[in-house]
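**Student:** This is the structure I want to talk about, given as structure tokens.
Rule-based calculations on the coordinates, nothing more; no lab input. Because the structure is a prediction, the values reported are computed rather than measured. For neighbour counting, all protein chains shown are included, and Cβ atoms are generated from backbone atoms with ideal geometry for every residue, glycine included.
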Amino acid sequence: MFFIVSKIFDYVGSPSHLALTILALGVGLAYTRYFKAGRRLTILAAALLLLMGFGPVGHMLAVPLETRFAARADDIDPPDGIIVLGGSVDAELSAQYGRGGFSQAAERVIAPIELLRRYPKARLVFTGGSASLRASTLTETWAVRRFWRSVGLDQGDVVYEERSRNTFENALFTRDLVKPREGERWLLVTSALHMPRAVGVFRKVGFPVIAYPVDFRTNGEFWRAGVPGDTGSAIATVENAMHEWLGLVAYRVTGKTDALFPAP
């Protein structure tokens, strides 16, 4: 039930969807006796879209998330394992063309190529099923396995978990699959925006991990946002950051993380 409710709320509560809904309502009211209210709503929607597309909103929402866990240096002690979270595969495109279609978060599956070269003895684990509400036989694992085999990363020794649909299930099912031993060092690879919630979930299920954030969307400086050069990317950053902030609250309220804003 949590999965279904979260997917519906994520769609309905999307900042851009909310702004466009307000805009449509405002335009509709403009042709009625409530035209003054319609004008106000239209102005509000336009202001929201302008702030998201040309303002620092996305940057300011994202920086606290991305800087919560610092980027890792290249000289860290060798880990026992590397866990890569799903969320980088466009399932619809993959299904359409019969091969992996990766999103902006593709660095999640690219970073392990270098990591495994640096730490060849580490166990590599990918966790990701289908996050679609519609029944689908195509999982993220299918696309990632195909890609890693094509670049020679998977020599038949990669562990795949393909039942999980969200971050909580990523942690729970991966823990049950690899059965980590006390004292082992496991790197967790996921987008910097997503890292606080991911670390909190893994801690909650009793699987300590070392954050290895990738896929950064900001420069990490709160007051140095600059003017977005691409409105689409700027709005996407707002969407992704708000998704994580709301996810942190929802996961904490439902007991799926160990803290509201997990820290190192």
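**Student:** Test of understanding: in a Gaussian network model of the chain with alpha carbons linked when under 10 Å, which of His194, His17, His243 would top the mean-square fluctuation ranking?
**Tutor:** Among His194, His17, His243, the largest GNM mean-square fluctuation belongs to His17.
**Student:** For the chain, calculate the relative contact order in percent as a whole number, restricting contacts to Cα pairs under 8 Å that are 6 or more residues apart. Display every interim value, and only then the final one.
**Tutor:** Values: 424 pairs, mean separation 66.7, N = 264.
Normalised by residue count, the contact order of the chain is 25 percent.
**Student:** Treat every Asp and Glu Cβ in the chain as -1 and every Lys and Arg Cβ as +1, leave all other atoms uncharged, and give the resulting dipole magnitude about the Cα centre to the nearest 20 debye.
**Tutor:** In total the dipole reaches around 680 debye.
**Student:** Sticking with this one: Give me Val89, Val63 sorted ascending by neighbouring Cβ count inside 10 Å, so fewest comes first.
**Tutor:** Ranked by crowding around the Cβ, least crowded first: Val63, Val89.
**Student:** How high is the relative contact order of the range 72-216, given as a whole-number percent (alpha carbon pairs under 8 Å, six or more residues apart)?
**Tutor:** 28
**Student:** Something else about it: Suppose only helical runs count, i.e. DSSP H with n ≥ 4. What mean residue ellipticity at 222 nm does that imply for the chain under -39500 (n - 2.57) per run, divided by all residues and rounded to the nearest 500 deg cm²/dmol?
**Tutor:** Roughly -16000 deg cm²/dmol at 222 nm, from the helical runs in the chain.
**Student:** 5 Å is the cut-off here: which amide hydrogens, built 1.01 Å from N in the peptide plane, fall below it relative to Ile210, excluding neighbours closer than 5 in sequence?
**Tutor:** For Ile210, the qualifying residues are Trp186, Leu187, Leu188.
**Student:** Specify which labelled value, from [x] 19.8; [y] 21.9; [z] 20.9, agrees with Kirkwood radius over Cα pairs in Å derived from the coordinates of the model shown.
**Tutor:** The value matching this structure is [x].
**Student:** Of all beta bridges DSSP finds with both residues in the range 72-216, what is the antiparallel percent, to the nearest 5?
**Tutor:** Once the DSSP bridges in the range 72-216 are tallied, antiparallel ones form about 5 percent.
**Student:** Once the dipole of the range 72-216 is set up with Lys and Arg at +1 and Asp and Glu at -1 on Cβ about the Cα centre, which of Ile110, Tyr160, Ile76 lies farthest towards its positive end?
**Tutor:** Of the candidates, Tyr160 comes out farthest on the positive side.
**Student:** Pulled fully out, how much extra length does the chain show between Ala71 and Gln155, if you take 0.36 nm times their separation in residues and subtract their Cα-Cα distance?
**Tutor:** Details: separation 84, 0.36 × 84 = 30.24 nm, distance 2.82 nm.
Roughly 27.4 nm would be gained on extension.
**Student:** Taking H placed 1.01 Å from N in the peptide plane, check which residues at least 5 places from Glu161 or on another chain put their amide H under 5 Å from its amide H.
**Tutor:** Excluding prolines and chain starts, which carry no amide H, the hits are Phe126, Thr127, Gly128.
**Student:** Next up: Looking at the chain, send over the antiparallel percent of its DSSP beta bridges, to the nearest 5.
**Tutor:** In the chain, approximately 5 percent of DSSP beta bridges are antiparallel ones.
**Student:** Another question, if that's okay. Taking the mean number of other Cβ atoms within 10 Å as a proxy for protection, how do you rank 111-122, 49-60, 149-160, 77-88 from highest to lowest?
**Tutor:** Packing order, densest peptide first, comes out as 77-88, 49-60, 111-122, 149-160.
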